[in-house]
1. Looking at Ile49 and the list (1) touching a Phe, Trp or Tyr at 6+ places or on another chain (Cβ under 8 Å); (2) part of a helix (DSSP H, G or I), which single condition is not satisfied?
2. Do the conditions hold for Ala38, that is, is it open to solvent by less than 90 Å² (accessible area, probe 1.4 Å) and either within 14 Å of the chain's Cα centre (by Cα) or under 29 Å from Ile5 (Cα atoms) (or both)?
3. Within segment 1-16, track down each residue that is in contact (Cβ under 8 Å) with a residue 12 or more places away in the chain, in a loop (DSSP other than H, G, I, E, B) and closer than 18 Å to Leu44 by Cα.
4. Suppose we filter segment 41-58 for residues that are open to solvent by 90 Å² or more (accessible area, probe 1.4 Å) and of a type outside the set (Ser, Thr, Tyr); how many remain?
5. How many residues does segment 41-95 hold that are among the aromatic types (Phe, Trp, Tyr) and at pLDDT below 95?
Amino acid sequence: MTVEILGRTFTLKGSVTPESLQAVAQEVDAQLRELQRAFPTRPLSDLAILAALNLAYECLESKEDYQHLHTEIEKRSRQLIQLLEASDSAFPPGP
C-alpha cells in the first residue's frame, strides 16, 4: 500500500492491516508537520529524529501505563480471590 508523508509517497508492506499502516503514516505525517511549523529552518533529518523521539517517548509512556494497570489488576484479582476464599470457608458445605 502507498502512504503520503510530507508530500512524499512511500510504499509500505507489513503484517498489519492497511488501516493500521495508514493510521501510523498519518501520525508520523502529523508529527513532522507540527515540528516543521515549530522549527521551519531545521533540516528534515533533524525533524525526523525529533519525531522519532516524540513517538518513542509516547510508546514508552504507554508501556509504563500498561504495566501499571496490569500490576494493579493482578493485585486486585488476588484480593478478590482471597475474599472469595475467606467467604467460602465461612460457610459449611450444604447437604
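1. For Ile49, the failing item is (1).
2. Working: open to solvent by less than 90 Å² (accessible area, probe 1.4 Å): yes; either within 14 Å of the chain's Cα centre (by Cα) or under 29 Å from Ile5 (Cα atoms) (or both): yes.
Against the criterion (open to solvent by less than 90 Å² (accessible area, probe 1.4 Å) and either within 14 Å of the chain's Cα centre (by Cα) or under 29 Å from Ile5 (Cα atoms) (or both)), Ala38 qualifies.
3. Here is the first cut: in segment 1-16, the ones in contact (Cβ under 8 Å) with a residue 12 or more places away in the chain are 1, 3-6, 10, 12-13.
Then drop every residue that is not in a loop (DSSP other than H, G, I, E, B), which leaves 1, 6, 12-13.
Answer for segment 1-16, where residues must be in contact (Cβ under 8 Å) with a residue 12 or more places away in the chain, in a loop (DSSP other than H, G, I, E, B) and closer than 18 Å to Leu44 by Cα: just Leu6.
4. Looking only at segment 41-58, we keep the residues that are open to solvent by 90 Å² or more (accessible area, probe 1.4 Å), and these are 41-42, 49, 53, 57.
So of that shortlist, the ones also of a type outside the set (Ser, Thr, Tyr) come out as 42, 49, 53.
Looking only at that region, the number is 3.
5. Within segment 41-95, the first condition is being among the aromatic types (Phe, Trp, Tyr), and the residues that meet it are 57, 66, 91.
Narrowing further to those that are at pLDDT below 95: 91.
Adding up the residues that qualify gives 1.
The values are calculated or read from the model by the stated rules, or taken from the named source; none is laboratory data. Source: prediction; values computed, not measured. Glycine also receives a Cβ, built like all others from the backbone with ideal geometry; neighbour counts cover every protein chain displayed. Heads up: the accessible areas ignore ligands, DNA and RNA and are worked out on the full protein's heavy atoms, side chains in. Shrake-Rupley method; radii C 1.70, N 1.55, O 1.52, S 1.80 Å.
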